[in-house]
Amino acid sequence: MLSHSLMRTASCVSRALSATRAFSPRAPARRPPASRASSTAVAASMAATKRPYPIGTPGVPWTDDEKKQWRASVESPSRSYQEEVLAKIEALRGPNFDVQRYGSLPYDESDPERFPLFAVFTKAWDETRPSVLITGGVHGYETSGVQGALAFLNSPQCLNFAKVMNIAVAPCVSPWGYERVQRWNAEAVDPNRSFAKSAPPPAREAAALMRLVNELGVKSWLVHIDLHETTDSDESEFRPAKAARDGEDYEPDVVPDGFYCVADSKNPQPGFQKAIIDAVRLVTHIAPPDANGNIIGEKITQEGVIEYPLDDLMLCASMTGAKYTSTSEVYPDSPNASAAECNKAQVACVVGALEYVVEKEGLRR
Ligand SMILES: [Zn+2]
């Protein structure tokens with residue numbers, strides 16, 4: 001069950017706890033985008049306006065027709081999964097990586113292969129070695145999660161780590177959302193609230209990824225890092241949309257300016273999280289806590305780190321039960337962070353995390 005504070009939090013993960021989204025500043029906007037105003041200004045602006053969401057009746061959960069109305073409003077793609085993601089995945093086939101299709105999403109009735117799902121594996125997968133999972137694009141609009149995962153695969157560090165561990169990467173878990181710069185999938189379901197272990201996952205994206213992970217048969221995952229962003233559009237669109245969908249009131253929150261990560265409160269691994277923060281701070285700034293010592297409504301446990309009970313919330317990072325888990329949250333709307341820097345921050349997160357694990361677990365390279 002979610003605490004009140006969790007229900008109000010603002011990040012991509014917390015939205016996963018309770019939310020949905022629709023438009024990023026890069027997407028065609030139904031309402032004025034947050035642009036690059038300060039996060040505080042964004043929240044203040046929303047608090048001042050707090051207009052009813054344009055779909056549905058305030059206080060009443062959406063009907064199926066209203067979910068279809070929402071989908072129609074966001075159906076036009078604003079970027080190409082084929083060009084920006086699949087082409088880069090195909091280019092990885094060769095001596096260093098295996099590429100596996102693990103399903104497709106049936107969101108285009110005229111073309112069932114419109115949204116194929118792919119994972120990339122380092123060669124010579126060896127069951128006797130530790131296994132690592134990296135996921136990106138669980139929220140399709142969070143661009144650096146996708147491009148950062150691909151950038152890590154193309155980094156020299158990846159091949160170096162592959163000497164002592166198996167690495168599986170699912171770079172774009174939610175391709176429909178990637179093309180439309182959307183948080184929800186086509187059925188108005190948040191994939192990062194859908195990694196259910198005791199019931200059928202409510203999002204096709206989560207179900208497909210969980211099936212792939214089960215089929216791999218890894219007895220004990222060592223690491224899972226799930227790459228995300230927290231954006232101004234969380235407050236300008238996605239949280240208001242989520243509140244409208246669920247018939248709830250939207251309570252504005254503040255978007256933190258900088259990187260942070262989310263640990264599992266049941267297995268926080270503080271040294272692992274610190275290694276991530278220390279690696280990322282060399283690329284981009286770490287989010288400061290607010291006046292109450294919080295980031296997105298949660299007390300920080302150390303600089304740039306908050307904790308959630310990941311499996312209770314059915315978050316992606318809970319999927320493997322890995323010894324070391326973290327969810328990255330890059331802030332792409334900072335005036336001080338370019339898209340390239342955001343991708344580098346995601347790579348730094350993964351590399352810093354794996355360097356820590358190699359040292360801590362005594363893995364020889
Ligand atoms: Zn996210």
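The table below lists the values:
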quantity	calculated
Test: residue in region 276-291 that is part of a strand (DSSP E or B), under 19 Å from the mean Cα position of the chain (by Cα) and on the phi < 0 side of the Ramachandran plot	yes
Top-ranked residue of region 187-206 - restricted to ones that are within 16 Å of the ligand (Cβ to nearest atom) and assigned to a helix (DSSP H, G or I), ranked as farthest from residue 171 (Cα to Cα)	193
Subset of region 342-365 that is within 20 Å of residue 273 (Cβ to Cβ) and of a type in the set (Lys, Arg) - its residue that is surrounded by the fewest Cβ atoms within 10 Å (Cβ to Cβ)	360
Cβ-Cβ under 6 Å pairs, at least 6 apart or on other chains, region 125-147 side farther than 22 Å from residue 165 by Cα and touching a residue at least 24 places away in the same chain (Cβ under 8 Å), far side part of a loop (DSSP other than H, G, I, E, B) and of a type in the set (Val, Ile, Thr)	137/173; 138/173; 141/181
Positions within region 315-341 being crowded, with 19+ Cβ neighbours inside 10 Å and closer than 19 Å to residue 234 by Cβ, in sequence order	315, 316, 317, 327, 328, 329, 330, 331, 332, 333, 334, 337
Single match in 309, 270, 332 (criterion: more than 20 Å from the chain's Cα centre (by Cα) and touching a residue at least 24 places away in the same chain (Cβ under 8 Å))	270
Qualifying residue in region 190-197 (condition: of a type in the set (Phe, Trp, Tyr), in contact (Cβ under 8 Å) with a residue 40 or more places away in the chain, buried (at least 24 other Cβ atoms within 10 Å of the Cβ) and touching a Cys at 6+ places or on another chain (Cβ under 6 Å))	yes
Breaking point among (1) more than 16 Å from the ligand (Cβ to nearest atom); (2) of a type in the set (A, V, I, L, M, F, W, C); (3) buried (at least 22 other Cβ atoms within 10 Å of the Cβ), for residue 306	(1)
Residue list for region 99-154, filter: touching a Lys or Arg at 6+ places or on another chain (Cβ under 9 Å), closer than 23 Å to residue 71 by Cα and buried (at least 16 other Cβ atoms within 10 Å of the Cβ)	103, 104, 105, 107, 116, 117, 139, 140, 141, 142, 143
Residue match in region 311-319 (condition: farther than 21 Å from residue 173 by Cβ and modelled with pLDDT of 95 or more)	no
Single residue of region 207-261 satisfying the filter (assigned to a helix (DSSP H, G or I), away from the ligand (no atom under 14 Å from the Cβ) and among the small types (Gly, Ala, Ser)) that is nearest to residue 52 (Cα to Cα)	244
Residues of region 209-227 that turn out to be more than 16 Å from the chain's Cα centre (by Cα) and not β-branched (Val, Ile, Thr), as a count	10
Search result, residues across region 296-311 that are in contact with a Ser or Thr (Cβ under 8 Å, 6 or more places away or on another chain) and not aromatic (Phe, Trp, Tyr)	296, 297, 298, 307, 309, 310, 311
Single residue of 357, 347, 351 found to be farther than 18 Å from residue 136 by Cβ and either part of a helix (DSSP H, G or I) or not hydrophobic (A, V, I, L, M, F, W, C) (or both)	357
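Residues are listed down the side, and each one gets a yes or a no for (1) among the hydroxyl-bearing types (Ser, Thr, Tyr); (2) crowded, with 19+ Cβ neighbours inside 10 Å; (3) touching a residue at least 60 places away in the same chain (Cβ under 8 Å):
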{"residue": "163", "(1), (2), (3)": "no, no, yes"}
{"residue": "166", "(1), (2), (3)": "no, yes, no"}
{"residue": "169", "(1), (2), (3)": "no, yes, no"}
{"residue": "175", "(1), (2), (3)": "no, yes, yes"}
{"residue": "211", "(1), (2), (3)": "no, no, yes"}
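The values are calculated or read from the model by the stated rules, or taken from the named source; none is laboratory data. In this text, all values refer to a predicted model and were calculated from it rather than measured experimentally. Backbone-built Cβ (ideal geometry, glycine too); neighbour counts: all protein chains shown.
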